[in-house]
Amino acid sequence: MADPAATRSGPVSLTAEDGHSLSAYTVGPTESPRGGLVILQEVFGVNGHIRAVADGFAEHGYAVIAPALFDRAERGVELGYGEADLARGRSLRTGIGWDGPVRDVAAAMDHVAVDGPVAVIGYCWGGSVAFLAACRLKPAAAVCYYGGQIIQFKGETPACPVQMHFGARDPIIPPDDAAAIRLAQPDAQIHVYEDAGHGFNCTERPDYNADCSALALHRTLAFLSRQVG
């Protein structure tokens with residue numbers, strides 16, 4: 001982890017191409033950013049964990065924005081990690097679909113484009129949205145953490161370098177899915193962590209694995225350094 005640098009943060013309002021207005025959390029270094037990052041939420045909203053992830057990347061010198069993708073269904077959603085919250089988050093995700101969130105990612109990318117090349121990084125549901133953004137938008141790079149729906153879109157063609165992270169013990173993403181994605185996306189950099197389950201990067205989840213999370217972050221930062229700055 002980099003030494004914490006002074007950061008600036010705050011909420012902003014974005015407008016997507018279809019006129020939808022959404023909120024976003026922004027944070028960045030006080031010095032000149034290395035580039036921009038769009039952080040894409042799990043099915044639990046832009047909650048404390050996602051804001052902490054954004055803060056961490058800002059400490060590494062990036063201008064970061066985390067758009068509230070659930071705003072298309074309900075504003076201000078911040079969920080915990082219990083079964084009831086998971087069910088609610090999955091219901092919101094299903095109702096929103098895919099096209100709207102991709103438009104919201106585009107609006108977030110535009111917001112931080114002033115800070116240089118922009119990459120997208122997604123977790124859980126956001127990992128799948130990040131892959132779609134890689135294929136349907138033009139970010140500088142995309143990083144997808146345990147995106148369970150990537151398998152549905154594995155035949156699409158990314159317009160940028162892609163890195164993926166999966167847990168070998170993930171009960172939501174079978175090993176066969178990860179293997180099929182690897183076969184369909186031979187140019188993607190795909191890492192599978194033998195000791196990791198689903199959500200291994202999230203400190204709030206039972207499957208959090210500090211060692212796998214640290215290694216994935218190291219690989220993510222190296223990838224971003226090459227592709228963004």
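Pairing residues of the range 142-157 that are acidic (Asp, Glu) with residues that are outside any loop (DSSP other than H, G, I, E, B), at Cβ distances under 6 Å and at least 6 apart in sequence or on separate chains, gives Glu156/Cys135. Considering the range 165-186, and only residues there that are assigned to a loop (DSSP other than H, G, I, E, B) and within 19 Å of the chain's Cα centre (by Cα), the residue that is nearest to Val143 (Cα to Cα) turns out to be Gln185.
Asp195 falls short of the stated requirement of being touching an Asp or Glu at 6+ places or on another chain (Cβ under 8 Å), more than 29 Å from Gly97 (Cβ to Cβ) and not in a loop (DSSP other than H, G, I, E, B). Scanning the range 54-70 for residues that are in contact with a strand residue (DSSP E or B) (Cβ under 6 Å, 6 or more places away or on another chain) and either in contact (Cβ under 8 Å) with a residue 60 or more places away in the chain or not in a loop (DSSP other than H, G, I, E, B) (or both) gives Ala54, Asp55, Phe57, Ala58, Tyr62, Ala63, Val64, Ile65, Ala66, Pro67, Phe70. Go through (1) closer than 19 Å to Trp125 by Cα; (2) part of a helix (DSSP H, G or I) one by one and return the number of the condition Tyr208 breaks. Unmet for Tyr208, out of (1) closer than 19 Å to Trp125 by Cα; (2) part of a helix (DSSP H, G or I): (2). Just so you know, in the range 200-226 the residues that are within 21 Å of Ala58 (Cβ to Cβ) and polar (S, T, N, Q) include one that is surrounded by the most Cβ atoms within 10 Å (Cβ to Cβ), and it is Asn201. Starting from residues that are closer than 12 Å to Val129 by Cα and among the small types (Gly, Ala, Ser), keep the ones in the range 147-163 and report whichever is surrounded by the most Cβ atoms within 10 Å (Cβ to Cβ). My answer is Gly147.
Taken together, the values in this text are just the output of simple stated rules run on the coordinates, not laboratory data. Predicted model only: the values in this text are computed from it and were never measured. Quick reminder, even Gly has a Cβ in these numbers, built from the backbone with ideal geometry, and neighbours come from all protein chains shown.
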